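Working notes, structure below.
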Amino acid sequence: MRFRLGLLLGFAAGYYLGSMGGRERYEQINGALRRIRRSDAFDAVTGKAQAVVDLGAERAKDLVDAKLGNGKEGTGNPYEADDDL
(Lines give C-alpha, C1' and ligand atoms only; values in the text may rest on other atoms or scores of the structure.)
Protein backbone atom coordinates (compact mmCIF):
# COMPACT_ATOMS: atom_id res chain seq x y z
CA MET A 1 0.00 0.00 0.00
CA ARG A 2 2.84 2.41 0.84
CA PHE A 3 4.43 1.72 -2.54
CA ARG A 4 1.20 2.60 -4.34
CA LEU A 5 0.79 5.78 -2.34
CA GLY A 6 4.39 6.79 -3.05
CA LEU A 7 3.95 6.00 -6.71
CA LEU A 8 0.76 8.02 -6.86
CA LEU A 9 2.40 10.96 -5.09
CA GLY A 10 5.35 10.74 -7.46
CA PHE A 11 3.11 10.83 -10.50
CA ALA A 12 1.13 13.72 -9.01
CA ALA A 13 4.29 15.70 -8.30
CA GLY A 14 5.60 14.99 -11.81
CA TYR A 15 2.34 16.07 -13.37
CA TYR A 16 2.26 19.20 -11.23
CA LEU A 17 5.81 20.18 -12.11
CA GLY A 18 5.36 19.17 -15.74
CA SER A 19 2.24 21.25 -16.09
CA MET A 20 4.23 24.42 -15.54
CA GLY A 21 4.68 24.48 -19.31
CA GLY A 22 0.97 25.27 -19.64
CA ARG A 23 0.50 28.34 -17.50
CA GLU A 24 -3.30 28.16 -17.46
CA ARG A 25 -3.33 24.56 -16.22
CA TYR A 26 -0.61 25.38 -13.70
CA GLU A 27 -2.69 28.21 -12.26
CA GLN A 28 -5.74 25.93 -12.14
CA ILE A 29 -3.83 23.27 -10.18
CA ASN A 30 -2.34 25.87 -7.83
CA GLY A 31 -5.81 27.29 -7.16
CA ALA A 32 -7.10 23.84 -6.28
CA LEU A 33 -4.14 23.21 -3.97
CA ARG A 34 -4.69 26.55 -2.20
CA ARG A 35 -8.37 25.70 -1.64
CA ILE A 36 -7.43 22.30 -0.26
CA ARG A 37 -4.79 23.74 2.08
CA ARG A 38 -7.27 26.26 3.51
CA SER A 39 -9.94 23.63 4.21
CA ASP A 40 -10.77 22.39 7.69
CA ALA A 41 -10.55 18.79 6.51
CA PHE A 42 -6.93 19.35 5.43
CA ASP A 43 -6.11 20.79 8.85
CA ALA A 44 -7.69 17.79 10.55
CA VAL A 45 -5.83 15.29 8.37
CA THR A 46 -2.48 17.02 8.77
CA GLY A 47 -3.01 17.19 12.54
CA LYS A 48 -3.73 13.47 12.69
CA ALA A 49 -0.77 12.69 10.45
CA GLN A 50 1.51 14.76 12.68
CA ALA A 51 0.21 12.93 15.75
CA VAL A 52 0.93 9.56 14.10
CA VAL A 53 4.45 10.66 13.17
CA ASP A 54 5.09 11.96 16.69
CA LEU A 55 3.79 8.73 18.22
CA GLY A 56 5.97 6.66 15.89
CA ALA A 57 9.02 8.72 16.75
CA GLU A 58 8.31 8.38 20.47
CA ARG A 59 7.86 4.61 20.14
CA ALA A 60 11.09 4.34 18.16
CA LYS A 61 12.92 6.37 20.81
CA ASP A 62 11.50 4.16 23.57
CA LEU A 63 12.52 1.03 21.67
CA VAL A 64 16.07 2.30 21.20
CA ASP A 65 16.25 3.31 24.86
CA ALA A 66 15.01 -0.12 25.90
CA LYS A 67 17.53 -1.88 23.69
CA LEU A 68 20.38 0.27 25.00
CA GLY A 69 19.18 0.12 28.58
CA ASN A 70 18.94 3.90 28.88
CA GLY A 71 16.40 5.39 31.21
CA LYS A 72 15.56 2.12 32.94
CA GLU A 73 16.50 1.52 36.56
CA GLY A 74 18.34 -1.68 37.29
CA THR A 75 19.62 -2.11 33.78
CA GLY A 76 23.26 -1.32 33.37
CA ASN A 77 25.49 -1.28 30.38
CA PRO A 78 26.30 -4.94 29.60
CA TYR A 79 29.63 -3.86 28.09
CA GLU A 80 30.99 -2.17 31.21
CA ALA A 81 33.36 -4.15 33.41
CA ASP A 82 31.85 -5.40 36.66
CA ASP A 83 34.08 -4.47 39.63
CA ASP A 84 32.46 -7.08 41.92
CA LEU A 85 33.94 -10.05 40.07
Sole miss for A60 among (1) modelled with pLDDT of 85 or more; (2) open to solvent by 80 Å² or more (accessible area, probe 1.4 Å) is condition (2)
Is the range 6-17 home to any residue that is at pLDDT below 80 and either open to solvent by less than 80 Å² (accessible area, probe 1.4 Å) or of a type in the set (A, V, I, L, M) (or both)? yes
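Any residue at all in the range 65-75 that is part of a helix (DSSP H, G or I), open to solvent by less than 100 Å² (accessible area, probe 1.4 Å) and at pLDDT 90 or above?
No, the range 65-75 has no match at all.
The values are calculated or read from the model by the stated rules, or taken from the named source; none is laboratory data. Bear in mind that the values here come from a model prediction, so they are computed numbers and not experimental data. When the accessible area is computed, the model is the full protein with side chains, heavy atoms only, and any ligands, DNA or RNA have been set aside. Shrake-Rupley method; radii C 1.70, N 1.55, O 1.52, S 1.80 Å.
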